[in-house]
Amino acid sequence: MLAVWTAVNALGGSTPPPEAFSVLPVARSGPQITPYLQYQTELAWREDGKRVKVWDGIRTEQDLLRVQNEIRQKLLTMLGGLPTTRTPLHPRVIGRIAMDGFHIEKLIFESLPGVYVTALLYVPEGDHKNGEDKKHPAVLVPAGHAENGKTHYQALCQRLARRGYVVISWDPVGQGERSQFWDAKAGKSRYNRICAEHAVLGNLAYLAGTSLARWEIWDGLRAFDYLLTRPEVDPERINITGTSGGGFQAMHIAALEPRIKVAAVSCYITSLPMRIHNRIFKDPDSDPEQDLYGMISNGVDNAGLLLLMYPRPVFVAAATLDFFPIEGTHKTFQEVSRLYSRFGHADRIAMAEGYHGHQYSDENQKAAFEFLDHFNQLPERHALASAKDLDEKTIQCTRTGQVMLDFEDARSLMDLIRDYYKEHQTGSVQSIRRLYLGDNYPGIATWNISEYGGVAPAEHQIAWESAGSSIFAGTSIDRYVLRHSRNLVMPLLHIHRTANQGHRWLLWFSKDGKAGINDWPEIVKCLDAGFDIVTFDFRGLGETRMPYKAVSEDDPSFAQLDFDHAYVNPLSSVLAGYVYNSLLTGRPYFLQMIEDAEIAVRFSRLKLHAGHFSVASDEEGFTLASAIAETLLTVKLIPHPGGPIMKWSDLVVRRREEWPIQYLLPGGAYIH
């Protein structure tokens, strides 16, 4: 279809109408499985299929132990390793609260020098036998995502204490008394202490080649060390349980500390490919520690974490209506339980499921406690003890309510992330091109191109379709739809002067994707300079955006953002969900955007007979333009006068809290 327009705007400048820049039909509003989300989901299942194939090769217990060791090494690599020295804890008990049958000690210890951990220790009243105090089993209870951290899990801890367990529960970094962004004047954090502080910390940790989970796990390992110092604790009977974010920590701590006897994990275990779309619709708040880079593509997933418990006892508590898909819980549990059964340990793995939402329900606690009691040689009992809820001030460990205010030598995790980077930057320097062309490069340079015939193209094929052309004031705007990678759709424009014979070629985009009506003045400058312009939408941006504003349960203020800002919010958004999905499957979104540029260039060369390209962008897209030019050697960067190139190392060193989520690149700080 050919349309010819003439238009004059109120300022006297000629501009094409908006429809000249539109390639795809307008999508209906609301949550939907977009082509990109479908692509991510199918990729996740293909990667998971590789893990399943490896597991199918487990024939003997020796095979299992070999796979288990490989998973453990992969997990440590994804975390960026753990600290190598268990430094002095310097524990101090701040106060003691008498309760019915136990007491609570308010505790502060240092998991690393200057890293203060606020904790509560629940200690059963001592039994005397032969003049000696009885040794008790113990349970670590890492806190899940609650603004007030350990305070939220009092009932769980009290119930365990009244069954005879010594219990320690602590504030994770970014929660409770361990805010990293506390505004003393305002009396609150600059971010919510449910997931948002984790998002700021975790995104920066990725750039340094590590994960926020590294420090969360270390806090738990040091809480284990503290229990070993207590005379009331039987060191052979230390266990762990937690729910939600506490379930995540419990699983990882138990996986990496073989002395933990039993693990009971609630509302966490699922199959990660099932979280790819579920996270955007049901749980959009960014929580980077739970998305280890390569967790699916490295063949680990939640099943691998459970397998690291073998042959120790492990219990899974699940919720049918959870946002962690219950079907994934069943799949993962069955995979691992079959291996436990095959080698004679069927009694050491169990699961309970309640028909409710995301919670460690009474029925699931009851089942988990009975499992713990059995393997800790405690008397059989079936009732849950009552609990007395104490107010937050009563069980506060610090004077001010925040460790960063109480201790002059307190160290921010932002500082630790920076120091981690500095300690590791002496290693080999990576280039963006080398990273792009690594193991997961899809080989775009050899892809074939053909006209779309109504059938989805093969995986390494580009199928193009004309979506019409417009002529405006001597300028043609040709619209194309490119289909590739089975599911993906790319809207692309070829903008050129009909009289231009020079055929200099320019790849142009903005932070939002391809050129639109607001970019026309810039496009005219490029046309006047003699360029044919190819401009396109990156996957998940522009016309391929999901027309849906993800709803945060953690921070109602996000609902006040307009759609354009809500869509790219690094703390909770559709785009953030896409980015974290890409990390799970081992090909960061930033590299996928470069793939889109290469696809656009290949199409242009084979269909439009383009020559060498230059690339240009608006100020906010200039970092990506620079990376494209560095990666695709036949593409030359056109400098932007106001467009500095963002350096990932600068973000880490300067401790930048927020930046465009699409630029999240694990290990990016080491790229030069």
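The values are calculated or read from the model by the stated rules, or taken from the named source; none is laboratory data. Just so we're clear, the structure is a prediction, and the values are computed from it rather than from any experiment. FYI the Cβ positions are ideal-geometry reconstructions off the backbone, even for glycines, and counts take in every protein chain you see. The protein model used for the area step is the full one, side chains on, heavy atoms only, and it has no ligands, DNA or RNA in it. Shrake-Rupley method; radii C 1.70, N 1.55, O 1.52, S 1.80 Å.
If packing is taken as the mean number of other Cβ atoms within 10 Å per residue, what is the order of 65-75, 292-302, 93-103, 136-146, highest first?
Numbers: 65-75: 16.3, 292-302: 24.2, 93-103: 13.6, 136-146: 26.2.
The peptides rank, most packed first, as 136-146, 292-302, 65-75, 93-103.
Accessible area per residue for the stretch 286-384 in Å², computed with a 1.4 Å probe and the full protein assembly in place, what is it? Spell out each step's value before the answer.
Values: 3580 Å² over 99 residues.
Ligands and nucleic acids excluded, the result is 36 Å² per residue.
Where in the stretch 232-276 does the label zone of L65 land, with the point 7 angstrom along Cα→C-beta and an amide N cut-off under 17 Å?
258-259
Under a 5 Å amide H to amide H cut-off, with H placed in plane at 1.01 Å, what residues pair with Y452 once short-range neighbours are removed?
Under 5 Å from the amide H of Y452: W464, E465.
Give me the net charge of G611's neighbourhood, meaning all other residues with Cβ under 15 Å from the Cβ of G611; Lys, Arg count +1, Asp, Glu -1.
Working: positive: R504, R602, R605, K607, K636; negative: D532.
Local charge sum for G611: +4.
Excluding S341 itself, what net charge comes from residues whose Cβ is under 12 Å from its Cβ, given Lys and Arg +1 and Asp and Glu -1?
Working: positive: R338, R342, R348; negative: E335, D347.
Result for the local shell: +1.
Taking all protein chains as present, what is the carbon and sulfur share of the accessible area of the chain, in % to the nearest whole number, probe 1.4 Å?
On the way: 13460 of 26250 Å².
Within the chain, the accessible surface is 51 percent carbon and sulfur.
So how much accessible area does K607 have, in Å² to the nearest 10, using a 1.4 Å probe?
60
How far is helix 326-342 tilted, in degrees, relative to the longest principal axis of the Cα atoms in the chain, given as a value from 0 to 90 rounded to the nearest 10?
60
Please give the length that would be gained between I33 and V429 if that part of the chain were fully extended, namely 0.36 nm times their separation in residues minus their C-alpha to C-alpha distance (nm, one decimal). Intermediate values should be presented prior to the final figure.
Details: separation 396, 0.36 × 396 = 142.56 nm, distance 3.86 nm.
The span from I33 to V429 would gain 138.7 nm if fully extended.
Measuring with a 1.4 Å probe in the full set of protein chains, what accessible area per residue, in whole Å², belongs to the stretch 391-470?
On the way: 4400 Å² over 80 residues.
Per-residue value: 55 Å².
Only helical DSSP H runs with n ≥ 4 go in: add -39500 (n - 2.57) per run for the chain, normalise by residue count and round the 222 nm mean residue ellipticity to 500 deg cm²/dmol.
Working: 19 runs with 220 residues, N = 672.
The per-residue figure over the chain is -10000 deg cm²/dmol.
Farthest toward the dipole's positive end in the chain, which of A250, G209, A616, given Cβ charges of +1 (Lys, Arg) and -1 (Asp, Glu) about the Cα centre?
Comparing the listed Cα positions along the dipole, G209 ranks first.
Please give the per residue accessible area of the stretch 41-90, computed with a probe of 1.4 Å over protein heavy atoms only, in Å².
Working: 2810 Å² over 50 residues.
Per-residue accessible area for the stretch 41-90 comes out at 56 Å².
Go through K366, K525 and list them by solvent-accessible area, largest first, probe radius 1.4 Å. Mind dumping the intermediate values first?
Working: K366 75, K525 130 Å².
Result, largest first: K525, K366.
For a quick protection proxy, order the peptides 541-554, 15-28, 321-334 by their average other-Cβ count within 10 Å, most packed first.
Details: 541-554: 20.6, 15-28: 15.3, 321-334: 19.1.
Top to bottom by mean Cβ count within 10 Å: 541-554, 321-334, 15-28.
Can you tally the net charge around Q158? Count Lys and Arg as +1, Asp and Glu as -1, for every other residue whose Cβ sits under 14 Å from the Cβ of Q158.
Values: positive: K150, R159, R162, R163, K388; negative: D100, E105, E125, D362, D389.
Counting the neighbours of Q158, the net charge comes to 0.
Just how far, in whole angstrom, is the stretch 242-317 from the stretch 78-154 if you go by their alpha carbon centroids?
The stretch 78-154 and the stretch 242-317 have Cα centres separated by 23 Å.
If you place +1 on the Cβ of every Lys and Arg and -1 on the Cβ of every Asp and Glu, how big does the dipole about the Cα centre of the chain come out, in debye to the nearest 20? Mind dumping the intermediate values first?
Details: 69 positive and 79 negative charges, 217 e Å.
Value, rounded to 20: 1040 debye.
On full extension of the chain, what length is gained from V653 through D406, given 0.36 nm per residue of separation minus the C-alpha to C-alpha distance? Each step should come with its number before you reach the end.
On the way: separation 247, 0.36 × 247 = 88.92 nm, distance 2.51 nm.
Extra length from V653 to D406 when fully extended: 86.4 nm.
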